[in-house]
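The values are calculated or read from the model by the stated rules, or taken from the named source; none is laboratory data. Keep in mind that this is a model prediction, so the values were computed, not measured. When we count neighbours, we look across all protein chains shown, and the Cβ atoms used for this are built from the backbone with ideal geometry, even at glycine.
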Amino acid sequence: MLKYCIMTGEALLMAAIVTGASSGYARQRYQKSGKRLSWLGLLLGVLGAGVMAYLKNATRLIDTSLWNLRNFTAAAVILVLFFVFTTLRKPMKRAGEILPPAFLSLLPALVILYALPDVLAYPYVILLTEKSVLSTNFLLKTIGIIIGLLVLVLISAAICQGMQRLREPVSLVMLTLILLVHTARQVSVILRILLTKRLIPSSHVLFEIAKFSSNHDNWFTFAAIAVAACIPIILLILVNRSNEPYHNPAEHRKIRKKHRTARQWSVVILSCMAMSVLGLTELKAIANREVELSPVEDALVEDGNVVVRFEQVEDGHLHRFAYVSDNNVQIRFIVIKKPNSSAYGIGLDACDICGETGYYEKDGQVVCNLCDVVMNINTIGFKGGCNPIVIPYTISNGSIYVPVEGLLEYEKEFK
């Protein structure tokens, strides 16, 4: 659950910050029309993301990288047009008042269209390793996704509220900084796409830039968090220095309520930013920590078979064995005695979905090391889902015989 919550946050945090900042500025500067257009942009983004998620996972009509390239190019053009029309809104009169909020609604739509489809596809990916939407693992992971989405909605709403309470010149500066960070990230992704698709000639400098930006992609997110954290700080400074005049107690109460609300939203924004940093650092490390697999146990190799004696695996726990090929490749397999049975679950220490990441035992259950799916021990030895790859074996004279030839068929899985 924690892993998918963190994955959701990592995928959508930049989009949440950009959406909140642009919506907040649009509502502050353009009032009712800005509010309507910001909701329209959100709706277009979510609907488009749903369609894109379907096309990506159910058809072959979408080349993800090329669509991202078009998306980023459109976003860059809209961003330039927004600042041009914002600067020239007085000379351009009516067009200068209509087009900037329209561009501000399109920016979040494109940001959401880029980031949200992968998150919407998470349940589909989970079902590749789960048998039913009613399984405990599917429900827990889905709850993690939902919690992540709710937190991101709170972050976006808090930033939107904070932006609305800043003075317009200050909120425009904050929006500009956030959009510059996001644009820098988009440019780095565009560069990687162009190099990968060989749409531009490669060079050592471009390759190093693309590699650095790919390895440090979270730096852009942390930069956006830092800019967003400035919003409540500036807001608190403005509120504390404010000395608005009032003519009666009712006006005074209204001013105090406004300041109290601004302080509350400032605390929410700072808390969300701190939580985001914690999620992208410590909690991510916890969610993605590697489980140390149990060591490979000794087994005899006789007459072309790896021989495992019953007494080695009689305790009902997971045991790991291996055969080292002539190419020095360690081909692992697992053996576990099935509960309340004299049968054994035997299979490769790898599966068709997750590869050779292996399995480990936790609280009497066998768990996939990559996707955290819990195996039904009674189904180990059968095909399907995230179960271990089935291998041939025979049982005779108190031992399990696994043919070396059967293991060598899967040598490539462990290279």
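Entry remark, region 370-390: residues being over 27 Å from the mean Cα position of the chain (by Cα) and either of a type in the set (A, V, I, L, M, F, W, C) or assigned by TED's automatic domain parsing to the domain that holds Pro123 (or both) number 5 in total. Screening the candidates His247, His259, His252 for the property of being outside any helix (DSSP H, G or I), in the same structural domain as Gln161 (by TED's automatic domain parsing) and over 26 Å from the mean Cα position of the chain (by Cα) yields one hit, His247. Collect the residues in region 77-97 that are at pLDDT below 70 and part of a helix (DSSP H, G or I), keeping them in residue-number order. Matches in region 77-97: Arg94, Ala95, Gly96, Glu97. Filtering Gly381, Gly347, Gly358 for residues that are of a type in the set (Gly, Ala, Ser), free of Cβ contacts under 8 Å to residues at least 40 places away in the same chain and buried (at least 17 other Cβ atoms within 10 Å of the Cβ) leaves a single hit, Gly381.
Just for region 391-415: of the residues that are part of a loop (DSSP other than H, G, I, E, B) and more than 32 Å from the chain's Cα centre (by Cα), which one is nearest to Ser132 (Cα to Cα)?
Looking only at region 391-415, we keep the residues that are part of a loop (DSSP other than H, G, I, E, B), and these are 391-393, 397-398, 409-410, 415.
Still in the list and also more than 32 Å from the chain's Cα centre (by Cα): 391-393, 397-398, 409.
Working: Ile391: 26, Pro392: 28, Tyr393: 30, Asn397: 40, Gly398: 37, Glu409: 31 Å.
Filtering region 391-415 for residues that are part of a loop (DSSP other than H, G, I, E, B) and more than 32 Å from the chain's Cα centre (by Cα), the one nearest to Ser132 (Cα to Cα) comes out as Ile391.
Listed by first and then second residue, the pairs linking a residue in region 301-326 that is in the same structural domain as Ser396 (by TED's automatic domain parsing) and under 18 Å from Leu348 (Cα atoms) to a residue that is assigned to a loop (DSSP other than H, G, I, E, B) and of a type in the set (A, V, I, L, M, F, W, C), with Cβ atoms under 6 Å apart and 6 or more places separating them unless they lie on different chains, are Val306/Ala299; Val308/Ala299; His319/Val313; Arg320/Val296; Phe321/Ala299; Ala322/Val296. Within region 19-32, residues that are assigned by TED's automatic domain parsing to the domain that holds Ala157 and on the phi > 0 side of the Ramachandran plot reach no partner that is among the β-branched types (Val, Ile, Thr) and at pLDDT 90 or above with beta carbons closer than 8 Å at six or more positions or on different chains. Candidates in region 350-369 are the residues that are touching a strand residue (DSSP E or B) at 6+ places or on another chain (Cβ under 9 Å) and among the acidic types (Asp, Glu); of these, the one that is farthest from Glu413 (Cα to Cα) is Glu361. Could you grab me the full set of residues in region 106-147 that are modelled with pLDDT of 85 or more, of a type outside the set (A, V, I, L, M, F, W, C) and surrounded by 18 or more Cβ atoms within 10 Å (Cβ to Cβ)? Those that are modelled with pLDDT of 85 or more, of a type outside the set (A, V, I, L, M, F, W, C) and surrounded by 18 or more Cβ atoms within 10 Å (Cβ to Cβ): Pro108, Tyr114, Pro117, Asp118, Tyr122, Lys141, Gly144.
Just to be sure, is Gln164 in the same structural domain as Ser38 (by TED's automatic domain parsing), more than 20 Å from Leu12 (Cβ to Cβ) and in contact with a helix residue (DSSP H, G or I) (Cβ under 8 Å, 6 or more places away or on another chain)? Spelling it out, Gln164 is indeed in the same structural domain as Ser38 (by TED's automatic domain parsing), more than 20 Å from Leu12 (Cβ to Cβ) and in contact with a helix residue (DSSP H, G or I) (Cβ under 8 Å, 6 or more places away or on another chain).
Go through Arg309, Arg320 for me and flag whichever is farther than 25 Å from Leu2 by Cα and crowded, with 16+ Cβ neighbours inside 10 Å. Spell out the reasoning first.
Numbers: Arg309 fails: crowded, with 16+ Cβ neighbours inside 10 Å.
Only one candidate passes the filter, namely Arg320.
Within region 191-215, no residue that is outside the structural domain of Phe72 (by TED's automatic domain parsing) and surrounded by 12 or more Cβ atoms within 10 Å (Cβ to Cβ) sits with its Cβ atom under 8 Å from a residue that is polar (S, T, N, Q) and assigned to a helix (DSSP H, G or I) at 6+ positions apart or across chains.
Out of Ala49, Ala76, Ala11, which single residue is more than 30 Å from Leu127 (Cα to Cα) and assigned by TED's automatic domain parsing to the domain that holds Val170? It is Ala76. Can we say Leu180 is in a helix (DSSP H, G or I) and under 23 Å from Leu110 (Cα atoms)? Spelling it out, Leu180 is indeed in a helix (DSSP H, G or I) and under 23 Å from Leu110 (Cα atoms).
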